[in-house]
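Student: Got a structure for you, written out below as structure tokens; questions coming shortly.
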């Protein structure tokens, strides 16, 4: 893809961007502030810039007079880069933004991995799904060869495809004789590899091998996410050396929604409490299945795939969510000493859970480790390949709980800390998941306090998602608008900070710019929630490292997983003390790690035993009664941290900025 | 047990009998005719004998005056042997019965094997049931040891009982957490060994290992038989050298009934035809399950065992019965080339079939060989040990079909011939199963044509069972009352033979002696049915032997299985040509071979693979389109056979008897 050079004036700051990139987005990435308060939806007109040289793809707009347009004025949010350009930013947007001088070649480092790279975090696998279809042509029976229909089929699968030791599902036997004859002895068998060998789960007339799909699900406390996969996609693509091009492993469609259990409690504890009511467990099971069925419906519609073509499901969730989905009483997860019912679940038929797929579809449930370290984490560790590699890695999954895993190919240790659902948008006044309309990137002008916001899909803002929340708090801290305890300065000369119904708040978008027709603001209470969340996660990491006598500096890699938008800004996450201040190129972001693992497992049967191995090798450290944890948590209830020596660069920058502001 | 000598006068024929035996029964066994037409129920008074010497246990009876009793008159059917005695038989009962001089020491030969001997037909097994209970005491979880409940249980089973690779049934996981805590971590696990390893099917509080029962079933076309077994019975009995005393393997109770499917057709073909009607298969499935449930109810009541203590079921049936029970359309069993749906059925939960046992009970379905050689035959071959031994053996199971297996430890070949249900009492005017009130032994006086009959349970006669039928036809033939085509001589001077509503018939019991208040007779049509049945079986054996170039004389052993009463008389079966004329001590009778095999498998898990091996090693020869079969069948439609050289002794005896009668 061709690269173009953008030079911003005044200052002549140069950045290199891809052909076709959006100018506002490019400025945001480069740390150049341009006021923008409609999220990039082209409605506020505040992101006006002046094109000094070069050509762009940028439409006329009512906010610009024809004369202004002809003289070179453009709306940055509507401008697409087509060549080298020089851009002048108006005085009210200009800011000399200081950046964290964290070691690491930001240009070279791929924090956001390409799909190819993501799928190569884990090694030694090839595309060979655990659920697969085989077409067989059978010789019709004769008096000299009148073995049973089932034997005829299994013999053919053995001879034609070298599949041995097949156990038939009883439902296949039920329809086998009819289908064999109706199809004139030409059928497609669907098999699933389990711990106990191959199971024959379906027989269809004719050759149906070209259509074989899987649905993978991440069942989170707050959010349920699903993808639909074409298990054949790699069959049509060359896979040199058994290593398949990751891009062929893309999901055909992706959908997610709030877990409908949210109405019965925000976190796993309140859900467990609800489950103990009369009929409570059944209710919770039913509502999460309703969410799952809604997501499946959406996936099928988006991908235009018929429900009957789904052959497999792979499900990962935290332990409480998994137990509730399976109808297993989660009572003892909450009680000391926090014992789950089972970590390894035999494959279940999805219809038995109420999931709306064909009756033969088996759901593989990712194995779990402990009451608060579930299948989602095992899936993430599988997908991130930590368990196969030498370097010491810390894996951090930030959802409603924060789960942290430390280790390498020889050992894995985990902790779980109840972070709260702030990053998933819950518990935040205008919080929302990272979907269309969510404010996912935020910058604030140091002098004017005017925001520059970008929304997912460049739509009018609806709310704030996890990465937007981090950006906003980082910006409020960086501009000195809030103190290290998260409280607003009371002397700011801006209408953006005001006393709202819930206390002081910063207005990110005004009602005339939003899709919800009210102001979108971040309150002090929201900030308090965020601080609590980040403090729990940081303290969890610290205690886990301490427990094995290591520190953040010993880490060779740090993998971040979570339901943030694509635009988690590492430096900002470090600024607020969510992430430790370590070399920036040690970080890798894998997005939803749980879905990554479920996707990989759908495609590769030799990862089945790896998933099991991970669950068995991981040692869990209980934090709830751990004396050091509370101390660490309290110490982290500060932006970035009470121990400034742990964040030397952040501390230095904040002090510099403070000085500049005072000048 | 003490033996006593009975000397019958005139003739001074001596026999040795066990203490406590019944005098009428002893005479019957010895071939000494005493008139008796109430089956031994003490009502007809015809079996009067005179005690010359010695002491018996014999009550007074209205049919005897006090003077007659004091002078030594006794009713044989009410007399129990307590010492050596001399008995005079009245003139009207006396008969100089000629016997077949078939080689073999009748006294020494145990045709009716003792349970000990029966259970040693098959070798290399020990009492170690495939479904077993293990008690485990678990350490309660602590914060340092908070593995999942399931892991805690499986670890304990591994450490305390060395059971590895356990797959849990999902239903166990569902209740596990609750039961572990309610029982204070002291539970009993029920496990079943399957082809895929151990499956954990139940968990109960406390130590419940002392109660573990199995129900075994033989699902026949005409009759369903069941037994309840105490799987622990051998645990409390010493089993030296791993060989358990067979007597400890007795069923606690046994029950059988007509298969309620009989209303929908007498044989498998008519059942299959019925199954093709709308709702037909479902109906047939439901009614056989109703029979099964009735039998289970009876077994539980007889043994006073609670339904919840049943842990396992083992079911054997012919292929059609098995498919119908499982709800598998039997359509193609009937159509050339006679293909069953499946010979190896994965374990099914009994409740899924509608069987009224606890939800965790798995039913093991005996593997099958072909459309007309089912699990009942595989069970019989397992129980009779043919597949392990060098000697060439012919196994014959006579039910509604006649199935015949030939072979030894190296090979097994089978045929099936539709014999018809005559021996199970169906298709015979007064036919009945071998239950209380069935005439099971019959003799007829050569001169008076008066019968001597014994019923099961010495009850008033209700009808005739298989062995009674064979006895009666043999006696009618031996006395020359019927010709070799089974037609009554028209010139007999006796009221016992008469023209009835269905043609000529012989009256075995008069209505005043029966429990049904009508005469019990055997008709020419009944005899025709019997001849057709025995011809099919004999022809089947002949064709099977011919197919491998062998003859009856090559057989070293012949095992008879079937639902006859205990009193199948080999010589009479040979007389009518049902069995070949070979050395009598080559025969062994194993009773219901199908139940024998199911019982053995219930007790010994290492027979699981043997059952499978038998089903795989058996080659089936289709008779239906076999040209030689029809010829052999026609040749055998004669008493004993058109080829008199195949029955030299029988032919000679019949000729002798004929001469005597003419003198």
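Student: Could you pull out every one of the strands (runs of 3 or more DSSP E) wholly within the stretch B:347-450 that has 3 or more residues that are over 30 Å from residue B:201 (Cα atoms) and either assigned by TED's automatic domain parsing to the domain that holds residue B:292 or in contact with a helix residue (DSSP H, G or I) (Cβ under 8 Å, 6 or more places away or on another chain) (or both)?
Tutor: Passing ranges, in order: B:393-398, B:402-407, B:412-417, B:438-444.
Student: If you take the residues in the stretch B:59-84 that are without any contact (Cβ under 8 Å) to a residue 60 or more places away in the chain and assigned to a strand (DSSP E or B), which one is farthest from residue B:24 (Cα to Cα)?
Tutor: Here the residue is B:73.
Student: Of the numbered conditions (1) farther than 24 Å from residue A:621 by Cβ; (2) within 14 Å of another protein chain (Cβ to nearest Cβ); (3) modelled with pLDDT under 95, residue A:364 satisfies every one except a single condition; which is it?
Tutor: Single failed check for residue A:364: (3).
Student: Within 13 Å of another protein chain (Cβ to nearest Cβ), under 24 Å from the mean Cα position of the chain (by Cα), buried (at least 24 other Cβ atoms within 10 Å of the Cβ) and over 17 Å from residue B:177 (Cα atoms): does that describe residue A:380?
Tutor: On the way: within 13 Å of another protein chain (Cβ to nearest Cβ): no; under 24 Å from the mean Cα position of the chain (by Cα): yes; buried (at least 24 other Cβ atoms within 10 Å of the Cβ): yes; over 17 Å from residue B:177 (Cα atoms): yes.
Against the criterion (within 13 Å of another protein chain (Cβ to nearest Cβ), under 24 Å from the mean Cα position of the chain (by Cα), buried (at least 24 other Cβ atoms within 10 Å of the Cβ) and over 17 Å from residue B:177 (Cα atoms)), residue A:380 does not qualify.
Student: Here's a check for you: in the stretch A:280-297, which residue that is in contact (Cβ under 8 Å) with a residue 60 or more places away in the chain and touching a strand residue (DSSP E or B) at 6+ places or on another chain (Cβ under 9 Å) is surrounded by the most Cβ atoms within 10 Å (Cβ to Cβ)?
Tutor: If we take residues in the stretch A:280-297 being in contact (Cβ under 8 Å) with a residue 60 or more places away in the chain and touching a strand residue (DSSP E or B) at 6+ places or on another chain (Cβ under 9 Å), then A:292 is surrounded by the most Cβ atoms within 10 Å (Cβ to Cβ).
Student: Still on this structure, please answer the following. Take residue B:125 and tell me if it is in contact (Cβ under 8 Å) with a residue 12 or more places away in the chain, in contact with a helix residue (DSSP H, G or I) (Cβ under 9 Å, 6 or more places away or on another chain) and on the phi > 0 side of the Ramachandran plot. Steps first, answer last, please.
Tutor: Numbers: in contact (Cβ under 8 Å) with a residue 12 or more places away in the chain: yes; in contact with a helix residue (DSSP H, G or I) (Cβ under 9 Å, 6 or more places away or on another chain): yes; on the phi > 0 side of the Ramachandran plot: no.
So residue B:125 does not fit the description; no.
Student: If I filter the stretch B:201-208 for residues that are touching a strand residue (DSSP E or B) at 6+ places or on another chain (Cβ under 7 Å) and within 22 Å of residue B:365 (Cα to Cα), do I get at least one hit? Walk me through how you get there before you give the answer.
Tutor: As a first pass, look at the stretch B:201-208 and keep what is touching a strand residue (DSSP E or B) at 6+ places or on another chain (Cβ under 7 Å): B:201-208.
From what is left, the residues that are within 22 Å of residue B:365 (Cα to Cα) are B:201-202.
Yes, the stretch B:201-208 contains at least one residue that is touching a strand residue (DSSP E or B) at 6+ places or on another chain (Cβ under 7 Å) and within 22 Å of residue B:365 (Cα to Cα).
Student: Could you tell me which of the residues A:633, A:587 is closer than 27 Å to residue A:524 by Cβ, touching a residue at least 60 places away in the same chain (Cβ under 8 Å), buried (at least 19 other Cβ atoms within 10 Å of the Cβ) and away from every other protein chain (no Cβ under 14 Å)?
Tutor: Just one listed residue meets the conditions, A:633.
Student: Here's another thing I want to ask about it. For the stretch A:134-224, which fully contained strands (runs of 3 or more DSSP E) count at least 2 residues that are buried (at least 20 other Cβ atoms within 10 Å of the Cβ) and touching a helix residue (DSSP H, G or I) at 6+ places or on another chain (Cβ under 9 Å)?
Tutor: On the way: elements: A:166-168, A:186-194, A:197-205, A:213-219.
In the stretch A:134-224, the matching strands (runs of 3 or more DSSP E) lie at A:186-194, A:197-205, A:213-219.
Student: Okay, next question. Looking at the structure I just gave you, is residue B:508 surrounded by 22 or more Cβ atoms within 10 Å (Cβ to Cβ), over 22 Å from the mean Cα position of the chain (by Cα) and in a helix (DSSP H, G or I)?
Tutor: no
Student: Here is a list: B:626, B:641, B:567. Which entry is more than 14 Å from chain A (Cβ to nearest Cβ) and modelled with pLDDT under 90?
Tutor: After applying the criteria, what remains is B:567.
Student: Does residue A:330 satisfy the condition of being within 14 Å of chain B (Cβ to nearest Cβ) and buried (at least 19 other Cβ atoms within 10 Å of the Cβ)?
Tutor: Working: within 14 Å of chain B (Cβ to nearest Cβ): yes; buried (at least 19 other Cβ atoms within 10 Å of the Cβ): yes.
Taking the combined requirement at face value, the residue satisfies it.
Student: Still on this structure, please answer the following. Could you tell me which numbered condition residue A:343 fails, if it satisfies all but one of (1) modelled with pLDDT of 95 or more; (2) surrounded by fewer than 23 Cβ atoms within 10 Å (Cβ to Cβ); (3) not in a helix (DSSP H, G or I)?
Tutor: Failed condition: (2).
Student: Additional query: Does residue B:32 satisfy the criteria of being under 30 Å from residue B:480 (Cα atoms) and part of a strand (DSSP E or B)?
Tutor: On the way: under 30 Å from residue B:480 (Cα atoms): yes; part of a strand (DSSP E or B): no.
It is false that residue B:32 is under 30 Å from residue B:480 (Cα atoms) and part of a strand (DSSP E or B).
Student: In the stretch A:148-167, what residues are at pLDDT below 95 and facing chain B (nearest Cβ under 8 Å)?
Tutor: Hit for the stretch A:148-167 is A:167, nothing else.
Student: Go through the stretch B:168-200 and give me each residue that's more than 12 Å from every other protein chain (Cβ to nearest Cβ) and in contact (Cβ under 8 Å) with a residue 60 or more places away in the chain.
Tutor: Residues satisfying the conditions are B:190, B:191, B:192, B:193.
Student: Here's something else I'd like to know. Check whether at least one residue in the stretch B:191-211 is at pLDDT 95 or above and closer than 30 Å to residue B:271 by Cβ, and report yes or no.
Tutor: No, every residue in the stretch B:191-211 fails to be at pLDDT 95 or above and closer than 30 Å to residue B:271 by Cβ.
Student: Here's a follow-up. Filter the stretch B:312-325 down to residues that are touching a residue at least 40 places away in the same chain (Cβ under 8 Å) and part of a helix (DSSP H, G or I) and give me whichever is nearest to the other protein chains (Cβ to nearest Cβ). It would help to see each step written out before you state the result.
Tutor: Step one: of the stretch B:312-325, the residues touching a residue at least 40 places away in the same chain (Cβ under 8 Å) are B:312-322, B:324-325.
Cutting the leftovers down to part of a helix (DSSP H, G or I) gives us B:319-322, B:324-325.
Values: B:319: 9, B:320: 13, B:321: 16, B:322: 11, B:324: 13, B:325: 13 Å.
Taking the candidates together, the pick is B:319.
Yes/no matrix, rows are residues, columns are (1) modelled with pLDDT of 95 or more; (2) closer than 19 Å to residue B:386 by Cβ:
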position: B:540; (1), (2): yes, yes
position: B:560; (1), (2): no, yes
position: B:563; (1), (2): no, no
position: B:573; (1), (2): no, no
position: B:637; (1), (2): yes, no
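Student: Of the residues in the stretch A:253-279, how many are part of a loop (DSSP other than H, G, I, E, B) and surrounded by fewer than 16 Cβ atoms within 10 Å (Cβ to Cβ)?
Tutor: 4
The values are calculated or read from the model by the stated rules, or taken from the named source; none is laboratory data. These numbers come from a predicted model, not from an experiment. Note that we place each Cβ from the backbone using ideal geometry, even for glycine, and neighbour counts take in every protein chain shown.
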